[in-house]
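Taking it in order: structure first as structure tokens, then the write-up.
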Amino acid sequence: MNQNFIMSPGYISGLTQTDGSFFCSVILSKAHRFGLQFRPKFTITADLDSKYVLDDILSYFGCGNVTINIKNHTAEFEVVRLEDLNNIIIPHFQTYPVYCAKLFAFNLFVQIVTALYNKDKRTIEGRRELLKLALSMNVTTNRDKDRIDLLFKLLGVQDDKDKVLLINNINEINQPLLDNVISGIIDGDGSFFISFHKDGNIKTGFNITNDRASRSLLLKIQERFNGIGSINEGTKNELVYVVTGINQITDILIPFIDKNPLYSERASHYNKFRLVSLMLKNNKPLTLKNKLEIVELAYDMNKKGKHRLLNKTEYITLLGKLYINNNI
């Protein structure tokens, strides 16, 4: 837990931008009108080690609950009660918005919740409208074509042209992002990394990964960081905002995060990243002692170093050999 952190509405919206979801389940139910039940839900998911973040969000909103998934090592804050969604969750995001595809999903979510809360759209035409809104809300879904066809069939929709879903058309952001919103985004999808090279060099870097529809969001973050870094295409059809310049990291990124602290387990990664980055900036060249200190501090930082080509002992041995051979 970061004791300097203060829970803010902007931070919650930023975290929702990356790890939150506005969703509406459509359930087959003979007890409900036309055989379908609509169940809207708002969630934020976090690593189980960061469950305390969701506990504090629960306290902030005063509604919902937090559940645990031991198998996936995750925790989830969820709100399903219509009254809470209508009176607490929706007003929050109308004041502190999300952006791009997430805003598109939220706008559809508002229409569904409002209709259900006010007991509107109870005709078959109204239910068809709700179904289209629910199915259009998220790009990725577990519903296959047969399931979607079945849902439409129950409402008397047979023609494929009547099943065409709504497409996200919100791709621009016309106002600056609040700093605590960016902090929430970093806490959700940011990554601090320290790379250990076979030639003995050690480097730090930072990135934020997001979907292609959120390019304008990454551009706004880059703009807030004085234009540093670059936005690149990832290997999984995503976009990655990357900052690797040591002066950019120490002069712009670190002061920003120090002023707008993180709260999740990622804060501990940042603390190590910060120490190493400042060491790289202030100790040129690094001595063997410096490098060994960095290895002990950060070699196992992300996922316990399991993705590194060499384990920690092997890398320490490599540094020793390089020092003997090259006096690095």
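Numerical summary
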item	result
Qualifying helices (runs of 4 or more DSSP H) (wholly inside the stretch 220-328; at least 2 residues being within 12 Å of THR204 (Cβ to Cβ) and free of Cβ contacts under 8 Å to residues at least 60 places away in the same chain)	266-282
Test: residue in the stretch 181-190 that is in a strand (DSSP E or B) and surrounded by fewer than 20 Cβ atoms within 10 Å (Cβ to Cβ)	no
Per-region count, the stretch 76-87, residues open to solvent by 50 Å² or more (accessible area, probe 1.4 Å), part of a helix (DSSP H, G or I) and either within 14 Å of SER13 (Cα to Cα) or in contact (Cβ under 8 Å) with a residue 40 or more places away in the chain (or both)	1
Residues that are closer than 25 Å to VAL276 by Cα and either under 18 Å from the mean Cα position of the chain (by Cα) or open to solvent by less than 50 Å² (accessible area, probe 1.4 Å) (or both), drawn from the stretch 233-252	VAL240, TYR241, VAL242, VAL243, GLY245, ILE246, ILE249, THR250, ILE252
The one condition in (1) in a loop (DSSP other than H, G, I, E, B); (2) open to solvent by 80 Å² or more (accessible area, probe 1.4 Å); (3) free of Cβ contacts under 8 Å to residues at least 12 places away in the same chain; (4) not hydroxyl-bearing (Ser, Thr, Tyr) that LYS161 fails to fulfil	(1)
Residue match in the stretch 277-287 (condition: under 26 Å from ASP179 (Cα atoms), open to solvent by less than 60 Å² (accessible area, probe 1.4 Å) and among the hydroxyl-bearing types (Ser, Thr, Tyr))	yes
Test: residue in the stretch 194-211 that is of a type outside the set (Gly, Ala, Ser), without any contact (Cβ under 8 Å) to a residue 12 or more places away in the chain and surrounded by 15 or more Cβ atoms within 10 Å (Cβ to Cβ)	no
Sole exception among (1) within 28 Å of LEU151 (Cα to Cα); (2) surrounded by fewer than 17 Cβ atoms within 10 Å (Cβ to Cβ) for ILE6, by number	(1)
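The values are calculated or read from the model by the stated rules, or taken from the named source; none is laboratory data. Because the structure is predicted, anything quoted here is derived from the model rather than measured. All Cβ positions, glycine included, derive from the backbone under ideal geometry; neighbour counts span all protein chains shown. Keep in mind that these areas ignore ligands, DNA and RNA; they rest on the heavy atoms of the full protein, side chains included. Shrake-Rupley method; radii C 1.70, N 1.55, O 1.52, S 1.80 Å.
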